[in-house]
Each structure stands twice: as structure tokens, then as C-alpha cells.
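Laboratory data are not the source of any read-out in this text; all were calculated from the coordinates shown. Predicted model, so just to flag it, every value in this text is computed and none were measured. Glycine gets a Cβ as well: all are built from the backbone with ideal geometry, and neighbour counts include every protein chain shown.
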Amino acid sequence: MRILHLTNYYPPFYEGSTEIQTHQLVEELERRGNHQQQVLTSDFVPVGQASENCDVFRRIEIAETIQRQKSVFRELHIHPGYSGNLGPTGSERETIWRLYRRERYNVEVLRRRLDAFNPDLIFVWGFQGLSASLLFYIENCGIRCAYGIINDWPSVWLKNEPWLVTWGENNRENEPVIKPILKGFGLTESIRKKAPFGEPSKIRLQQSFFCSGSLKEITGRNGFEVSYSKVIPCAVPVERYFRKENHPERLRHLLYIGRLNEEKDPLTALQALQILHRKGHTEFTLDLHRHGNLDQEKRLLAFIVRSNLRGAARFVQTVQEQQHVTLYSYDMLISTSKWPEPFPLMQLKGMAAGVPVVTTLVGGHAELIRDRENALAFKTSDPEDLAEKILELSANPLLVKRLTSTAYDEVCSKFSLSCIGERVDEFISKSKKLAA
């Protein structure tokens, strides 16, 4: 079966765990040998990963990876000014003509790739920052399409995608003059043919899987038809992780890893550390392996200084590929997110590394975490409760052993890359039998 994978970013260039997950699953499908695959992605290079801005080892790694990726085509254009799931800022809003040229270009790139490869199935993964016209073109191109949805792009990005916003019924920015003129000259339909647009909820997601029931439910609440969609969780390459089996008698070296923003709530982790030190437990340290918001980092650093936590809390930079080694060197993983994440991938990685996890239960977290069975859960945004859970886990080696053993066994039996890859492969095989 010939599959064309369509995604916004593809390693070695990426923004977060979502793109790493896509890459791993595509490679797992390749390893299984049941399909002939190509990947169509963007020419996106994130800040800090451009060859002139990273160290020599990273440059070599990027060059070698791209050299191996003979079937990866980095040709699509991302919307400029794209920032996370919220899209371009108001100051970077473009004219309808510039938007049209990009949409038309991306559709033409896709059309040429379809003609050259002649796939049996188009498989869409991450889509933030990409042209929505691609999805509407796929809807009508006559080739079967399926979706692997592991973040919230249908309910967030498509509501903010500039081309769809421009033609939306509630948009008044271009309506007074431009739209009536285009319609009067009969140009609207001509534009639609080359750069299709429509109502986001009309995108057919029936043939799709979501990484969690929580994400599926949220997408459905935003008007998409998902009643026939499957749930296939995220995976982790367990065999690549060093498993921590000999834990110290008392756990003290804590790890926060993730974005520095209010939704991920690293401040609660720092506040819990402050409470522990105030109570005389000054042996605890916290490393924040961060990426993202520099302003937020400055605010957190100011809190560290005010709370006399210098030396106990520090910021560390780590790339995704190093996490399987990074996790092993810590005693406990702290996840403080108050955002209903699609799936707790970081917690899953901690479990694969044999590191005890203390986390919230919001969103997709509750579909992996079982309090006091494979991890400890604390009340969201409650540093006092988090501090209590850290103390309890630190002083109870038997609890640590039980949680980490259960978690590791579950990762191996239910969430390994080979296990989830098999489920995705089965999903694709069934998609082949269904009508477009």
C-alpha cells in the first residue's frame, strides 16, 4: 500500500513531542515493511535549529538525518508569524492576495506529489501552521484519506487559520469592499478551485484515530463528526530508555520537563519546592528542563531569587533526543500541567525510564495515570498538595518500587512503539478497505 503522510513539521526539525511521535510511528510502519511511504512536510526550520545556530554535533546529526530521508519532501510553506496553536498575530495579518498565493502554492505542491507518487491513502498528522486549503483539496481529490490526531489542531488551529478566517461568515475585515467585488466578477469560485476553503467542521474526520478519549471528546464538542473515530494512545520506544531500578533510599533530585507557560504551570513546581525548603527539607532540588517562553523564564527566575531558591532550582536546556538519558539521572518526575493535554507523553517517558511520577489528572492524563497504582496524583495548581506527595514518595521506598514496577510493565505491554505501531498498521489496513 502506498501512503503519503502529510504533516506540518518532521524531524530533525520540530517544535515538540508531537512531531517526534509522528516521526517514530512513521518509521515503525516502515520497519514493519507493509507499505511504501512518502512524507510531505513544510520547509520549516525552528529558531535555534538552523545550522548556523546550533553546535557542530547537532549540525552533523541534522545533515545525516536529512541525507537518509530520501522519501521526505520539505516543500510546503508554513504561515509566517505562526505562533503555537493561536496562529499569526494581528500585526502580522496578511492581505487576501498574499494568503491566496501561499494557499495556491501549497495546493499545487500537494497535487504534484500526488501525481508523482499516486498514493492509495493520504494520512494526515500534525497540521498547525499549514494551509487549510490542503484539507479541502484532499476532501475532493478522490484519494482515500485518514487522520492520526495527537494534538488539538482541528479545534484550535482551523478556527484561527488565516485563509479560513478570511472567508468566514463572521469576518468583516475584507467584507465591505473586496468580497463583493470578487463575487461580482465571478472570481470567488475561481479562487476556491485553486485554493479551496469552507467551514472547518465540514472536514471529514470519521476515518481517524485520536491519542485519547479526552481529545476526541473536545474535538467533537467543537462541531466535528468523531463518533466513528478510534482511540490509539501515544507510544514510547521503551528499548531506547535506560531503566532506573536502583532508586536512592530518599528521593531528592526532582525534574520538571516541558514548556514554560501558564498552562504547563511550572510555577506550582517551584512553589512546592519553596514549601519543602521552608519546612526544613532543603535537600530537595529541582531542575527545569525548559523550552519556549523567555519572558516566562524571567518571571520564574525572579520567583527563585525572591524565594531564596538559588542553588536549589535551576534551568537546563535539553533536546528531545536526549530525554531517554536525562530522565535516568533524576529521582522523580514532576508534571504540573493544568491544561487538558491530549496525552501525557512526558509521564509515559518517565515510566519507561523507571522514574516515579507525580502528576495532575487533567485531560488525557487520567487515561494513563492511576493514582497510587502507577503514579501519584496531586490536586491541580495546589503546591501544598504537591509538596506532600513529594515528601510521601521520597520517604517510602516500597511505594516507589511498586509504582515504578507497575508503570514499567504497563509501558512495555501497552504503550511500546511496536505495540502501538501494530495498532496503527491495523487501522491503516482497515482504512484501505473503506470508501473515500
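A few points about this structure:
- Only DSSP H runs of four or more residues enter the estimate; each adds -39500 (n - 2.57), and after division by the residues of the chain the mean residue ellipticity at 222 nm equals -12000 deg cm²/dmol.
- When +1 charges are put on Lys and Arg Cβ atoms and -1 charges on Asp and Glu Cβ atoms, the dipole computed for the chain relative to its Cα centre reaches about 580 debye.
- Scanning residues 5 or more positions from residue 230 or on other chains, those with amide H under 5 Å from its amide H are 208, 209, 210, with H placed 1.01 Å from N in the peptide plane.
- Tail weight of P(r) past 26 Å, computed on alpha-carbon pairs of segment 238-414, percent: 21 percent
- Hits among aspartates and glutamates - C-alpha to C-alpha of residue 338 under 17 Å, sequence gap 8 or more where chains match: 152, 262, 263, 265, 367, 371, 382, 384, 385
- Across segment 198-212, rounded Karplus estimates of 3J(HN,Hα) from the backbone phi angles (6.51 cos²θ - 1.76 cosθ + 1.60, θ = phi - 60°) give x, 7, x, 5, 7, 5, 7, 9, 4, 8, 8, 10, 10, 7, 7 Hz, Gly and Pro being marked x.
- Cβ-based exposure ranking for 406, 359, 95, in which fewest neighbours within 10 Å come first: 95, 406, 359
- Here the Karplus curve 6.51 cos²θ - 1.76 cosθ + 1.60, taken at θ = phi - 60°, turns the phi angles of segment 382-399 into couplings of 10, x, 5, 5, 4, 4, 5, 5, 4, 4, 4, 5, 4, 9, 10, x, 5, 5 Hz, with x standing for Gly and Pro.
- Ranking of 351, 346 by count of other Cβ atoms within 10 Å, fewest first: 346, 351
- Residues 125, 167, ranked from the fewest to the most other C-beta atoms within 10 Å, line up as 167, 125.
- Cα centroid separation, segment 271-303 to segment 347-372: 21 Å.
- Considering only 211, 317, 29, the residue lying farthest towards the positive end of the dipole of the chain is 29, judged by Cα position with unit charges set on Cβ.
- Farthest toward positive dipole pole in the chain [+1 Lys/Arg, -1 Asp/Glu at C-beta], among 335, 160, 97: 97
- Ranking 381, 391, 361 by Cα position along the charge dipole of segment 358-436, where only Lys, Arg, Asp and Glu carry charges on their C-beta atoms, puts 361 farthest toward the positive end.
- Checking the Cα-Cα distances for 264/379; 159/430; 349/414; 202/432 against a 20 Å cut-off, the pairs over it are 159/430; 202/432.
- Neighbour-limited loop hits for trypsin sites (Lys or Arg not before Pro), segment 93-166 (at most 15 other Cβ within 10 Å; DSSP other than H, G, I, E, B): 93
- Computed magnitude of the charge dipole of segment 238-414 (debye, nearest 20; Cβ of K, R +1, Cβ of D, E -1): 400 debye
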